[in-house]
Structures are given as structure tokens and as C-alpha cells.
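Beneath this line is the structure, given in C-alpha cells, with notes to follow.
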Amino acid sequence: VLKQGECTEKTLKNISISTKQLYDIYRSLTYLNFSSKKEIPEIIDLKEVLEKSIAYYSGLAQIKSIDFNIELEETFFAIPESQASLLFGNLIGNAIKYSPPKTEIDISLKNNVFIIKDRGIGIEPSQQKEIFKKFTRGTSYSGGFGIGLNIVKSICNEYEIKIEFDSVPDKGTEFRLHL
């Protein structure tokens, strides 16, 4: 039992990160179960949504000593903010999850293209055609349910966002979303 005044900063950080991970699971499961209820898309600035997502995941990145290289410009797009947040969150969370400590993640939003590039474990060529299937995990490197990229693909399909990726094992992965 934690007593008042006995909580270390590290303990509080771990509690915060665990809470965020549980919330991410909740958001993903909610999307999977209730996505048939259409949200009305509004024109929003994706730069603002992306800045919030980066801030949200910064604690997790700090624990692994991962730095973000960020280059964002205003980009207006018609999508519910909650779905844009889920889209970016899944990709940022994966980039952190599959990156070794003390690496970098590049995030850019320019000319209606979102790019996220990590220097992580990459995706084996044999797995690359399967990564968007529900409950498919390309590796046991880190925990997960295999639903994140399925959600990303589903949101991209719904809002006619073209998704591309390149991945090289032990070199990293780059996702590109053409808005």
C-alpha cells in the first residue's frame, strides 16, 4: 500500500504510463466495438491533434530515452478528432514500443503527408502483408493484442487516407499517410 509522502517520482511516472496504456486499450476496444456508430467528421487542424498525441506519449518515450524529431505544419482535414487521435496514437505508440532505448523517432506532417519513422526492430518481409489484419502480431518483442494497425487501416479506409510503409528488419519502419 502506498502511504502519503512515500511515492517516488519513478513510481508516479510508472503509474501514469500504466494508466495511459490501459486507456489506450480501452479506446481501441471501444473503437472496435462501437465504430459502426458514425461520428460526424469536422475540419480540424491535424497539427494540433498530433501535438497532443506526442505530448501524451512523451513520458513513455522518456523512459526509453527516445527522442522525437518533429516537423509539423498546419494541415486541415475532415475527421473526428477522436479518430485522428486514435490514428496517430497507435502509430506513435508502436514506434516507441518497437524501438530500442536511446534511439530517435522522426514525425513530420507536411504537404498533406504524415510520416513517422522509427529505428526499431522492423517488420519481417514475411509478416508485412499481414500487419493490418486484426489480432495479428508480427513479433512477441513487446506486449499487445494485434489490433492497433487494424484500427489504423480501418480509419484510413473510412477517410480515404492512403497508407504506405517501408520496413527493414533491425533498421526500422516508416509509415506514410497521404491525406
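Would you confirm, using the coordinates I've provided, whether residue 78 is touching a strand residue (DSSP E or B) at 6+ places or on another chain (Cβ under 9 Å) and either without any contact (Cβ under 8 Å) to a residue 60 or more places away in the chain or closer than 18 Å to residue 168 by Cα (or both)? Against the criterion (touching a strand residue (DSSP E or B) at 6+ places or on another chain (Cβ under 9 Å) and either without any contact (Cβ under 8 Å) to a residue 60 or more places away in the chain or closer than 18 Å to residue 168 by Cα (or both)), residue 78 does not qualify.
Any residue that is at pLDDT 85 or above, of a type in the set (Phe, Trp, Tyr) and surrounded by 14 or more Cβ atoms within 10 Å (Cβ to Cβ) - is there at least one of those in region 155-164? Yes, region 155-164 contains a residue that is at pLDDT 85 or above, of a type in the set (Phe, Trp, Tyr) and surrounded by 14 or more Cβ atoms within 10 Å (Cβ to Cβ). The set of residues in region 32-46 being at pLDDT 90 or above and open to solvent by less than 60 Å² (accessible area, probe 1.4 Å) consists of 44, 45, 46. Scanning region 51-70 for residues that are more than 15 Å from residue 97 (Cβ to Cβ), touching a Ser or Thr at 6+ places or on another chain (Cβ under 9 Å) and modelled with pLDDT under 95 returns a single hit, 52. In region 41-67, the residues that are under 17 Å from residue 111 (Cα atoms) form Cβ pairs under 9 Å with partners that are part of a helix (DSSP H, G or I) and β-branched (Val, Ile, Thr), at six or more places apart or across chains, as follows: 50/92.
In the list 58, 99, 85, which residue meets the criterion of being surrounded by 16 or more Cβ atoms within 10 Å (Cβ to Cβ) and in contact with a strand residue (DSSP E or B) (Cβ under 8 Å, 6 or more places away or on another chain)?
Working: 58 fails: surrounded by 16 or more Cβ atoms within 10 Å (Cβ to Cβ); 85 fails: in contact with a strand residue (DSSP E or B) (Cβ under 8 Å, 6 or more places away or on another chain).
Step by step, each of 58, 99, 85 is checked, and only 99 is surrounded by 16 or more Cβ atoms within 10 Å (Cβ to Cβ) and in contact with a strand residue (DSSP E or B) (Cβ under 8 Å, 6 or more places away or on another chain).
Restricting attention to region 110-123, does a residue exist that is in a helix (DSSP H, G or I), modelled with pLDDT of 95 or more and open to solvent by 60 Å² or more (accessible area, probe 1.4 Å)?
Filtering region 110-123 for residues in a helix (DSSP H, G or I) gives none.
No.
The values are calculated or read from the model by the stated rules, or taken from the named source; none is laboratory data. Note that the coordinates shown come from a computational prediction; the quantities given were computed from them, not determined experimentally. Because the Cβ atoms are built from the backbone with ideal geometry, glycine has one as well, and the counts that use them run over all protein chains shown. Keep in mind that these areas ignore ligands, DNA and RNA; they rest on the heavy atoms of the full protein, side chains included. Shrake-Rupley method; radii C 1.70, N 1.55, O 1.52, S 1.80 Å.
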